[in-house]
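Here is the structure we will look at.
Please treat every number below as a calculation from the coordinates, not as lab data. On a predicted model such as this, the values are computed, not experimentally measured, just so you know. Methodologically, a virtual Cβ is constructed for each residue, glycine included, from the backbone with ideal geometry; neighbour enumeration extends over all protein chains shown.
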Amino acid sequence: MSAIDNIPQKLGISDPWVQQGGVYWLVSNSLNIRAIAAVMGECHARLVTITAFQLPEQGFRLDYHWDLEGKLMGFSFQLAGNSIESIYDLCEAADWIEREIHDHYAVEFLGRECEPLLLRTGDTLGANLREETK
């Protein structure tokens, strides 16, 4: 049994991994990003990236991608508004990515200050990629 097989149990999830597009997705409505970051840290997994999408109806989807033993694992979160808990304090690799998403989409990462990363004087937060500001 590989380390990836133990992750759902460590998260208290009975849902199985779903493999799609080379990624093992754990799909459950009861996922918590901070619990995932803690478990992935215990397993010595590496945060690869966080991808943000503005949804057509409202809100955002954030996909968190982790690498463990050469397998890419994905966890998707659909946000009704524009905020999610930060994992920066649990995974320093999230720092740049959270700040970039904050700059471009105005997504708030709760529990941390996101100082501007790419914005210049006079730029509006979220103006680069949010549909309602274009």
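Annotations for the structure displayed:
- 0 to 90° range, to nearest 10: angle between helix 94-105 axis and the chain longest Cα axis: 40
- Segment 1-90: relative contact order as a whole-number percent, Cα under 8 Å and 6+ apart: 26
- Inter-label distance, nm, simple model (7 Å from Cα along the C-beta direction), LEU55/ALA80: 1.0
- Equivalent-ellipsoid semi-axes of segment 3-133, from the Cα gyration tensor, Å, largest first: 27, 16, 12
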